[in-house]
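Structure, as structure tokens:
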Amino acid sequence: MGASLINRLSTLLRRFGRDEGGAFALVFGLMAIVLIALGGATVDYVTLEQVRNRSQIALDAAALALQPDSQIVGAKTTDIQREAQALVDDRVGGDGVVKILTTTINRTDGKLYFLAEVNTSTTFVALVGVNSMKARIQSEAMRRQSQLEVVMVLDNSGSMNDYFENRNQFRMTNLVNAARNASDILFAGASTTDPNVRIGIVPFTQYVNIGTNNANQPWLNRSGNNPIVRDNFDSDANPTTAFTASFDRINLFGQLAGLYSWGGCVEARQSPYDTNDTPPTSPETRFVPLFVPDEPDTGGFQNSYLNDDPAACTVEPTCTVVWKYNNYSNRNGFTGLISTTATFKPASGGTSTGTSCPAAYDPWVQTGSVSSNTNNNTQTANYVSNRVRQERICKYNGGIVTKASRSQATGPNADCPVNAVLPLTANRTTVTNAIEKMRPVLTLNQPEGGTNIAQGAIWGLHVLSPGLPFSEGAAYDPNVKKVIILMTDGDNFAKPNNNMNGSTFYPAYGYPYNNTTRANAGRLGAPGWTEDQLMSEMDDRTLAACASAKANDIEIFTIGLYSTTSSTIQMLKDCSSGASDHYFPATADNLNSVFESIARQLQPLRITQ
């Protein structure tokens, strides 16, 4: 009985030891947590990847946005990182999802680098004690290393005066500030030079100053073998004979009494070379130094700065006209014209008679008052030829200049801008200094002169071109982006006059009269043309110059400040490279934002990491 009980208890204990029913439930409960965590890990990982992708996009955007600012000399790494963190937080969320760990600025290579950490809370793996998941991301923005060449063609004419029309708009001051800001953006972090960025400056008025240091360049026509050189000059005081003598306009300055020298300006080349980049290798394609002719002392001309009859000149031709009448009375004056006799005395001597003064010497100008002889019923008048007086080259030999002011467009350098072209350079300081030379100081150094947008545009092309007259430009290549920023505040300027020249001032194309003195003169206009006709032709030549630049894949941005003339607005639109490449700011203080917008467009970036 006792042994039987003991055997039965032993059997029960062995059965209990073999019973796994309760253990399975316990183990299953423990394993279920692990299995759910492992299965949900995929969900947590996908969530992390989604956040990481959004964070990468946000970090790339911050790198692209802040790379230009990071390259400015003096920019602090801590400031850039703080701004980047704010940009990322704004796009991803400011709850600590992304933390920028490292910011590196490399101004030598134009790079901005960020290293950041992404941190997301978990839902499923938190069940096994993993409360968050992390990943690292990085981004590097770098300015594209293709070359950039930019020429700023800037209006320096009188309407750009800070106090023009007493409106105190500070046009030139705002332009200088805007151009400086644009150059700072384009040069980015380069404190001295940037091998991939070059900038040139072309100040323009009626003319462009190519620099007196270029006086001996072979692309200037100093030999007199171009008809333009001889326009408005003659050696024999006889307009009926062709002037073929060779003379040097720059040396002509040295013949004047006093310290006068060539101001650095050139005339427009004869058409079609005034609107294209044909190499200046032949007489008709070389550039003619500007020497504004002295206009006659009589007749109300704008630019008479020398005595027309100096001792160095021979006696000028004269013409005496006598009118004979049938009768004279105090009441009716001379009546019944019988005959007219004109006695012509050329400078070479001798006399000839006719019924009028020779037409080739027109216009004749009366000297003194008409004398009358009532007893013989005659009137007499003496005349001299203003054409001869203007063109006689002898008067410059020792001539004393009585007035010479660029602001008043007088003297042989009339209307030639003081500031010269700056050829393309990678030197940031050189560009800054060239821009600053245009800055007015109170009422001093204010812009002056007329406006010839066509000359500004074509010299922008000359500066960018790889060939002469300026050869600093790189060869045309897809990896070299060439740009003209053309800024003006008004219309092409022309002021016709009914005088013998057809103009009040001496334009870059010569007088309208000069376009009529020989076949295919290639100048501009003719006496009698209206202001609208002259301006329209100048607009056409501006468009032709822009077309020549765009044919070489040069991008043109145009800026028309205060442009109210519909024809000028349309011309500037057509001159630009596209609908987004022309601007018409209403006030001078808007220039800075316009130039900055253009500069930002010209600073393309790429993500390298």
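Read-outs: derived from the displayed coordinates by stated rules, not from any lab. Keep in mind that what you see is a predicted model, and the values were worked out from it rather than measured. Neighbour counts run over all protein chains shown; Cβ positions are idealised from the backbone, glycine included.
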Quiz item: Among the lysines, which fall within straight-line cross-link reach of Lys76, defined as a Cα-Cα distance under 27 Å, with same-chain neighbours fewer than 8 residues apart omitted?
Solution: Lys99, Lys111
Quiz item: Of the peptides 345-353, 211-219, how do they stack up when ordered by the mean number of other Cβ atoms within 10 Å, highest first?
Solution: 211-219, 345-353
Practice problem: With r as the distance between the Cβ atoms of Leu444 and Ala347 and R0 = 51 Å, compute the FRET efficiency 1/(1 + (r/R0)^6) and round to 0.05. | Solution: 0.65
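If I stretch the segment between Thr516 and Thr192 completely, what's the gain in nm (0.36 nm per residue apart, minus their alpha carbon distance), one decimal?
Numbers: separation 324, 0.36 × 324 = 116.64 nm, distance 5.15 nm.
Full extension of this stretch gives 111.5 nm more.
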Self-check item: Charge dipole (the chain, unit charges on Cβ, about Cα centre) - positive-most of Tyr361, Val88, Asn221
Solution: Val88
Quiz item: Nearest-5 percent of antiparallel DSSP beta bridges in the chain?
Solution: 70
Exercise. Give the peptides 565-575, 87-97, 494-504 in descending order of average Cβ contacts within 10 Å, highest first.
Key: 494-504, 565-575, 87-97
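Compute the whole-percent fraction of alpha carbon pairs in the chain spaced more than 44 Å apart. Display every interim value, and only then the final one.
Details: 80136 of 185136 pairs.
Across the chain, Cα pairs with separations above 44 Å total 43 percent.
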Quiz prompt | Cα-centre dipole for the chain with unit charges at Cβ (Lys and Arg positive, Asp and Glu negative), debye to 20 | solution = 1300
Exercise. Could you sort out which of Lys345/Lys403; Lys481/Lys550; Lys395/Lys495 sit more than 23 Å apart by Cα distance in this structure?
Key: Lys345/Lys403; Lys395/Lys495
Quiz item: Taking the Cβ of Asp532 as the center, what net charge do the other residues with Cβ under 11 Å away carry, scoring Lys and Arg +1 and Asp and Glu -1?
Solution: -4
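Helix-only mean residue ellipticity at 222 nm, the chain, DSSP H runs n ≥ 4 weighted -39,500 (n - 2.57), per residue, nearest 500. What is it? Mind showing how you got there, number by number?
On the way: 12 runs with 179 residues, N = 609.
It comes out at -9500 deg cm²/dmol, rounded to the nearest 500.
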Self-check item: Positive-end residue, the chain charge dipole about Cα centroid, Cβ charges, pick of Leu175, Ala75, Cys416
Solution: Ala75
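Rounded, prolate or oblate: which fits the stretch 485-553 when a ≥ b ≥ c are the square roots of the eigenvalues of the alpha-carbon gyration tensor, with rounded for a/c under 1.5 and prolate only if a/b beats b/c? Walk me through the numbers on the way to the answer.
Details: a/c = 2.83, a/b = 1.61, b/c = 1.76.
Oblate, because a/c is 1.5 or more while a/b does not exceed b/c.
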Quiz item: Around Ser348, what is the net charge, scoring Lys/Arg as +1 and Asp/Glu as -1 over all other residues with Cβ under 14 Å from its Cβ?
Solution: -1
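What does the charge count around Ala312 come to, taking other residues whose C-beta lies under 12 Å from its C-beta (Lys +1, Arg +1, Asp -1, Glu -1)? Write out the running numbers ahead of the final one.
Values: positive: Arg392, Lys395; negative: Asp308, Asp309.
My count for the surroundings of Ala312 gives 0.
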Practice problem: Compute the length gained on full extension between Ala475 and Asn332: take 0.36 nm times their separation in residues and subtract their Cα-Cα distance, giving the result in nm to one decimal. | Solution: 43.6 nm
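Which of rounded, prolate, oblate describes the stretch 462-581, given a ≥ b ≥ c as roots of the alpha-carbon gyration tensor eigenvalues and a/c under 1.5 marking rounded, otherwise prolate only if a/b is larger than b/c? Display every interim value, and only then the final one.
Working: a/c = 2.87, a/b = 1.58, b/c = 1.81.
Cα axes put the stretch 462-581 in the oblate bin.
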Quiz prompt | Cysteines, the chain, no other Cys beta-carbon under 4.7 Å | solution = none
Practice problem: Please name which of Ser580, Gln302, Leu112 has its Cα lying farthest along the dipole of the chain towards the positive end, using unit charges on Cβ (Lys, Arg +1; Asp, Glu -1) and the Cα centre as origin. | Solution: Leu112
Practice problem: At q = 0.17, 0.20 Å⁻¹, what is the base-10 log of I(q)/I(0) for the stretch 318-391 according to the Debye formula with one equal point scatterer per Cα and no solvent? Please give it to two decimals. | Solution: -0.67, -0.85
Exercise. With an 8 Å cut-off on Cα pairs and a minimum separation of 6 or more residues, tell me the relative contact order of the stretch 523-609 in percent.
Key: 23
